[in-house]
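Encoded as structure tokens, the structure appears first; notes follow it.
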Amino acid sequence: MNQDTYQFQLIQEELIQQLQSFSIVHGQYPDRNLNVVINAIPLLPLLKGQNIAIQQDPNLLPRIYWQNKEQNRTLASFGAIEKLDHIPKATNDEFYLGGLAFQQQGEQWQDFPATLFIRPLIVFQVLQQEQQQQQEYKVIFHFNGRNSIQDSINTLKSLNIPRPLVPFTPQLLARQDTPNKEQWAGLVELAIEYKALLPKVVLSRQTEICFDAPIDTWDMMALWQQANPNSFHYLLQFSSQHSFMSCSPERLFLRQYQQITTEALAGTVNRGRNQREDDLLLQSLLNDKKIDRENHIVQEFIIANLKQLKAQVTCSPAHVMQLQNVQHLCVPIKAQLTKNTQDSHLLHKLHPTPAVGGIPKLPALQFINDNEPYNRGWYAGAVGCISEHESDFSVAIRSALISENCIKLFAGAGIVTGSIAEQEWQELDNKIQTILTILGTQ
């Protein structure tokens, strides 16, 4: 037995003992969670280690990986004690993971309905201590009075040891863009014709790439996360057939008690080939009238909708958010909510923002629904976590849907007066450049 296997078995045994002791005090069906501090364990390798185990024990599904934008909270969850088709209102120690599709109406992806939240069975969590370099590793067993301690012990016993992450090696077979370049030009032209009704609409593209071998989603997540560190990182697998993953730079909102933080993220240019070019592009982002107009539309939408909830809203000056291949104009927005405002109110008001849909909201969504030649599903949806005192949601851009040997990549571009189809097509390519490089297709 090697050292890693031995260490993992020690953690399993300690957790089983803790669960058994917990049952003596709280019975077989507790109505409160059990939190246990453990030794360090790598979360993505732990999730990868269950690739075979889920075939023997489907209770290990869903498998979810979540890391917030600040990278001070990372978690891996297994199983579910609740599955909800609505946005939950968490109380006490309840905690939910999940999301909403881009549009609530119409056809949805398999495994990813219009709304889905789960309360996980087991969560492995890493917290980065503030102003310290230390990390705290913890396991949280969720209970609601209806799931037994024995369920948690059985699932814990079925976990395999973490498996090492490896580079991506499958070879490219085919690529297909939907819409293709010619169709895209027609869509942009049509959107501009509607400018009197639609000052802005965000059009998007699905790029499906197939390989000669299956794609390991956990390896892919690790590589993408490494390439784009200043983003949300998450991967949701509700069945063994499909995985949805994202390295999104965009926060929909962070709620801490009644204080929320959000942002208007709209307007994009490339990164430069050297520092001088990078600085020039950054300045162009701050000074470009088209980009300023595009971002201002998003700001106005967020502020107006928060004010409808009786929130007190303040905006900070614009800054540039720099990623590996692109940079975005970002305006931070803070608001103080009333005591009656719930996460469901925020999600229904703010999602989808004009940064992924357009303005006015309903005509833009209708235009997308009528004219885009594919189903967005959870691309540009809202994905996040909900607890009583804190909820955090990302806009699911820079995302991908993986199924066996194929990966679908998604990217969008805001179309306003002055947009040029060729330039917007290039922006789509720029936005998926990082993942294309990881896949070895560039």
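Okay, residues lined up against (1) acidic (Asp, Glu); (2) closer than 21 Å to LYS48 by Cα; (3) in contact with a strand residue (DSSP E or B) (Cβ under 9 Å, 6 or more places away or on another chain):
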residue	(1), (2), (3)
GLN67	no, yes, yes
SER77	no, yes, yes
ILE87	no, no, yes
GLN104	no, no, yes
GLN108	no, no, no
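Of the helices (runs of 4 or more DSSP H) lying entirely inside segment 1-88, the ones with 2 or more residues being in contact (Cβ under 8 Å) with a residue 60 or more places away in the chain and within 27 Å of MET245 (Cα to Cα) are found at 43-48, 53-56. Going by the structure shown, is LEU254 at pLDDT 95 or above, open to solvent by less than 10 Å² (accessible area, probe 1.4 Å) and either not in a loop (DSSP other than H, G, I, E, B) or not hydroxyl-bearing (Ser, Thr, Tyr) (or both)? When the stated conditions are applied, LEU254 does not pass them.
Based on what the data block shows, is GLU189 among the acidic types (Asp, Glu) and within 25 Å of ILE407 (Cα to Cα)? Judged against the criteria, GLU189 is not a match.
Any residue that is open to solvent by less than 20 Å² (accessible area, probe 1.4 Å) and not aliphatic (A, V, I, L, M) - is there at least one of those in segment 267-278? Yes, segment 267-278 contains a residue that is open to solvent by less than 20 Å² (accessible area, probe 1.4 Å) and not aliphatic (A, V, I, L, M). Looking only at residues in segment 93-108 that are over 16 Å from the mean Cα position of the chain (by Cα) and modelled with pLDDT of 95 or more, the one that is surrounded by the most Cβ atoms within 10 Å (Cβ to Cβ) is PHE95.
Evaluating ALA335 against the criteria (1) in contact with a helix residue (DSSP H, G or I) (Cβ under 9 Å, 6 or more places away or on another chain); (2) in contact (Cβ under 8 Å) with a residue 60 or more places away in the chain; (3) within 16 Å of GLU250 (Cβ to Cβ) leaves one unmet condition, (3). If the condition is being among the polar types (S, T, N, Q) and not in a strand (DSSP E or B), then segment 105-144 contributes GLN105, GLN108, GLN110, GLN129, GLN131, GLN132, GLN133, GLN134, ASN144. Taking segment 340-356 as the range and being closer than 15 Å to LYS200 by Cα and either among the aromatic types (Phe, Trp, Tyr) or under 17 Å from the mean Cα position of the chain (by Cα) (or both) as the test, the residues that pass are PRO352, THR353, ALA355, VAL356. Note on segment 304-325: residues that are aliphatic (A, V, I, L, M), open to solvent by 40 Å² or more (accessible area, probe 1.4 Å) and either closer than 21 Å to ILE420 by Cβ or in a helix (DSSP H, G or I) (or both) amount to 1. How many residues does segment 4-22 hold that are open to solvent by less than 30 Å² (accessible area, probe 1.4 Å) and of a type in the set (Ser, Thr, Tyr)? Matching residues across segment 4-22 total 1. Looking at the structure I just gave you, is HIS345 touching a residue at least 12 places away in the same chain (Cβ under 8 Å) and open to solvent by less than 40 Å² (accessible area, probe 1.4 Å)? In short, no. For segment 189-219, a residue qualifies if it is in a helix (DSSP H, G or I), of a type outside the set (Phe, Trp, Tyr) and surrounded by 22 or more Cβ atoms within 10 Å (Cβ to Cβ), and the qualifying residues are ALA191, THR217.
Taken over segment 392-408, residues that are surrounded by 24 or more Cβ atoms within 10 Å (Cβ to Cβ) and either out of contact with any Cys (no Cβ under 6 Å at 6 or more places or on another chain) or free of Cβ contacts under 8 Å to residues at least 12 places away in the same chain (or both) amount to 7. If you go through segment 257-285 and keep only what is assigned to a strand (DSSP E or B) and within 28 Å of GLN336 (Cα to Cα), you end up with GLN259, ILE260, THR261, THR262, GLU263, ALA264, LEU265, ALA266, GLY267.
The values are calculated or read from the model by the stated rules, or taken from the named source; none is laboratory data. This structure is a prediction, so every number in the text was calculated from the model and none was measured. No Cβ is skipped: glycine too gets one built from the backbone with ideal geometry, and neighbour counts run over all protein chains shown. Surface areas here come from the heavy atoms of the whole protein model, side chains and all, with no ligands, DNA or RNA. Shrake-Rupley method; radii C 1.70, N 1.55, O 1.52, S 1.80 Å.
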